[in-house]
1. Answer yes if at least one residue in region 59-66 is in contact with a helix residue (DSSP H, G or I) (Cβ under 9 Å, 6 or more places away or on another chain), closer than 23 Å to Phe134 by Cβ, in contact (Cβ under 8 Å) with a residue 40 or more places away in the chain and assigned by TED's automatic domain parsing to the domain that holds Lys159, and no otherwise.
2. Kindly evaluate Asn56 against the criterion of being surrounded by fewer than 17 Cβ atoms within 10 Å (Cβ to Cβ), outside the structural domain of Leu155 (by TED's automatic domain parsing), over 17 Å from the mean Cα position of the chain (by Cα) and at pLDDT 85 or above.
3. It is to be established whether one or more residues within region 139-162 are at positive phi, loosely packed, with under 14 Cβ neighbours inside 10 Å and under 18 Å from the mean Cα position of the chain (by Cα).
4. Output the strands (runs of 3 or more DSSP E) that fall wholly within region 67-174 and possess 3 or more residues being free of Cβ contacts under 8 Å to residues at least 24 places away in the same chain and more than 20 Å from Met11 (Cα to Cα), or say none.
5. Please determine whether any residue of region 8-15 is closer than 16 Å to Glu80 by Cα, among the β-branched types (Val, Ile, Thr), within 15 Å of the chain's Cα centre (by Cα) and surrounded by 13 or more Cβ atoms within 10 Å (Cβ to Cβ).
6. Which residue out of Phe30, Phe115 is under 23 Å from His146 (Cβ atoms) and among the aromatic types (Phe, Trp, Tyr)?
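The values are calculated or read from the model by the stated rules, or taken from the named source; none is laboratory data. Just so we're clear, the structure is a prediction, and the values are computed from it rather than from any experiment. Quick reminder, even Gly has a Cβ in these numbers, built from the backbone with ideal geometry, and neighbours come from all protein chains shown.
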Amino acid sequence: MITLTEDEKRMVFQLEGCHRYDAIQEIAIFCRYTHDSNKRNIAENLLKKLRELSENDCRELICDIHKNYHLPWKARTIGEMIAVARQESGAQKLEGHDIMALERFDPEVRHMIVFDVLSNESSIGDKGDRMRLFLTESGYQKALEHQRKAFIQILNHAKVIQGHLRYDRTDRNL
């Protein structure tokens, strides 16, 4: 297993997802747009380390940091505040779209679903994943078809109206 510096751990702590590809993309974009050369160097070193890991090892490392890392000071940036709130809530990290994903605000998107992937035959997610997706009407119909085939089990549904969520049921805890 690799060893991360404190600065690298703090950067991983703020990552949105747990998948290797997503983490590498997020850090690479950060490298491209940051004007702080010190942070860029930290991110580039972190990229090298994450690229050496397999998908499973990288996911395990990121999930462990999300769960167990504690900032050495009070959260100062929005990324740190979001990461701390995610950690303190104890909520399970969902695969798929983040709750504030850009897809949510697409005018064609009409549905948001949270579901468990039940089968390796599912074209979305891996068996055992709990996912959130924002979907168009046709995407939602495909998800319902996947549920009929027992590939997924939809746990929660909300209508999406101009980015606002209108849950069918508010009594479900996810």
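1. no
2. Considered against the rule, which asks whether it is surrounded by fewer than 17 Cβ atoms within 10 Å (Cβ to Cβ), outside the structural domain of Leu155 (by TED's automatic domain parsing), over 17 Å from the mean Cα position of the chain (by Cα) and at pLDDT 85 or above, Asn56 comes out as no.
3. no
4. Passing ranges, in order: 164-167.
5. yes
6. Going through Phe30, Phe115 in turn, the sole match is Phe115.
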